[in-house]
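Working notes, beginning with the structure itself.
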Amino acid sequence: MKILNEKQSIIVRKLTNKSKPDTFRVAQNEKLTLVLICVSATNYALTVELTGRRAEAQILGILIGRKQNEILLHTLQEHKAPQTMSDLHIKSVLFDRSELKYEGAIRIEKAAQQSNAYQRNDNLLLSGEAKAESKPALEILANEVRCTHGATLGKIDPEELFYLESRGLDEAKAQKIIIEGFFLSLLEKVPDAIVKKQLTKIVRANI
């Protein structure tokens, strides 16, 4: 964990096949940035509870699958207090015969009026045998909230690859640049330059 100030902190979780479930609680006026990074098979469950008024949680996921690795990921954003905010964005790049199964749930309790919850999962397939499955679930018990979710599934744009190759890059190098750019929007959300640099190095070493 890195404490940015009295009310703001960053936690980075490196997921493996030995990772155990986690529950994080965010109290009144606190801000948590949680980064999940996975470069191997895993079966991981995460719960983030927003327990105090104006609590905020940002959850970022960087997932890289290779060979026949299976990444099983379950997340729950649980709003228990009013005026809370959660923003989850998971991105995966899947090579070979790797597979992602993601289940993301948002629960907004009756007391959590004026809360805002967001969930998004974007997946980039680098092989015809790679697979990604995304299952959102919403349970909204309050009537004055904003809650949205979305998911995408795609491959590298051939025109983008061709453009980079026409600039003198070989296919492998061009592909790495595109993948790094795919993760860039997540890395830019990390509110600390040192942590961002460390995560960037991990991404570059595994693509």
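Laboratory data are not the source of any read-out in this text; all were calculated from the coordinates shown. These numbers come from a predicted model, not from an experiment. FYI the Cβ positions are ideal-geometry reconstructions off the backbone, even for glycines, and counts take in every protein chain you see.
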Checklist outcome for this item: Quick calc, Arg53 & Lys18: beta-carbon distance into FRET formula, R0 45 Å, rounding 0.05, result 0.80
Item to check | Cα-projected label distance for Gln68 with Lys189, points at 7 Å along beta-carbon direction, nm | outcome: 3.3 nm
Next on the checklist: Please compute the length gained on full extension between Ala205 and Gln113, using 0.36 nm multiplied by the number of residues separating them and subtracting their Cα-Cα distance.
Outcome noted: 28.8 nm
Next on the checklist: Per 0.36 nm of contour for each residue apart, how much would the distance between Ala45 and Leu169 grow if the chain were fully extended, relative to their Cα-Cα spacing?
Outcome noted: 40.7 nm
Item to check | Contour excess over end-to-end distance, with Cα ends at Glu129 and Arg97 and 0.36 nm allotted per residue | outcome: 11.0 nm
Checklist entry - In whole Hz, what ³J(HN,Hα) sequence does region 115-121 give by Karplus (6.51, -1.76, 1.60; θ = phi - 60°), x for Gly and Pro? => result 8, 9, 10, 9, 9, 9, 9
Next on the checklist: Which of the three applies to region 77-168, rounded, prolate or oblate, going by the alpha-carbon gyration tensor with a ≥ b ≥ c and a/c under 1.5 meaning rounded?
Outcome noted: prolate
